[in-house]
Amino acid sequence: MLIDTFTQNNRKVYVYGKKSVLTNRQVPMILDLNCTTGNPKAEVLTNGWDEVTEKENIIVIAPEYDDYATYSECPFLRDLIAVCVQKYPIDESRIYSVGFSNGGASSVALASTYPNLLAGIAAMGWAIGMMRSKTQIPFLLIQGSKEYVDQNLPAVMDDEKETLRDIFLADNLITNEMRTDYKKWPYWGYPSSSQEVKELTYHDYDPTEI
């Protein structure tokens with residue numbers, strides 16, 4: 001549930017969780033970043049974080065930000081996290097950034113720029129190359145099975161390929177000598193240690209109705 005709102009740099013910030021978490025000693029924090037032209041409140045509902053906060057002792061922060069930008073927004077997002085740590089009982093060792101499309105790319109940018117800030121990231125639908133640190137960090141990258149295809153093969157944008165290689169190298173999942181083969185391993189380009197197939201239910205909320 002929405003438990004608080006405040007303004008940072010003339011941008012609205014929405015805070016979700018159980019009211020009881022405000023009296024807890026330390027809880028994990030999720031920074032949920034919306035897609036380009038998105039709505040932070042709608043993104044929380046679409047990603048199901050409102051339901052998660054009803055069950056778990058976590059705080060989800062959904063800010064307005066320049067959702068056409070990635071690396072240039074990192075100072076604002078870093079400062080926002082610092083403000084939230086001061087305002088709420090957040091465990092600084094368990095701060096995560098997640099997002100869809102530009103929100104996912106911004107999460108990668110944030111981890112790249114401030115490698116000691118986050119405990120992990122999740123990027124869905126798009127990503128961007130790590131321009132600075134190659135520090136190891138837990139990550140989740142999601143690409144839909146009905147994404148864009150080229151000549152009947154799943155296509156991956158160049159910046160997504162760069163992200164995958166950067167993160168895989170940083171986490172020692174591949175060696176520098178390994179090269180991609182997207183025909184053999186669609187989307188990822190590299191062999192996987194295991195595979196699992198899941199059918200997911202998804203509902204995209206209309207931002208104009210939130």
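What to note about this one:
- Model label zone, residue 116; criterion: amide N under 20 Å from point 7 Å along Cα-to-beta-carbon; scope the range 50-91: 74-86, 90-91
- Mean residue ellipticity (222 nm) of the chain, computed from DSSP H runs ≥ 4 via -39,500 (n - 2.57), nearest 500: -7500 deg cm²/dmol
- Spatial separation of Cα centroids for the range 36-69 and the range 160-179, in angstrom: 29 Å
- Against the chain, whose longest principal axis is taken from its Cα atoms, helix 102-113 shows a tilt of about 90°.
- 25 °C / 0.890 mPa s Stokes-Einstein diffusion coefficient of the chain, Kirkwood radius on C-alpha pairs, µm²/s: 137 µm²/s
- From most to least packed by mean Cβ count within 10 Å, the peptides 20-33, 163-176 give 20-33, 163-176.
- Exceeding the 23 Å Cα-Cα cut-off - candidates 12/87; 41/161; 19/41; 19/87; 12/161: 41/161; 12/161
- Relative contact order (percent, whole number), the range 59-126, Cα cutoff 8 Å, 6+ residue spacing: 34 percent
- Modelled spin labels at residue 25 and residue 10, positioned 7 Å past Cα toward Cβ, are 4.2 nm from each other.
- Between helix 158-170 and the chain: long-axis angle, C-alpha atoms, 0 to 90°, nearest 10: 80 degrees
- Subtracting the Cα-Cα distance of residue 36 and residue 181 from their residue separation scaled by 0.36 nm leaves 49.2 nm.
None of the figures in this text is laboratory data; all of them are computed from the coordinates on show. What you see is a predicted model, and the numbers here were worked out from it, not measured in a lab. Neighbour counts are summed over all protein chains in view; Cβ atoms, including those assigned to glycine, are modelled from backbone coordinates with ideal geometry.
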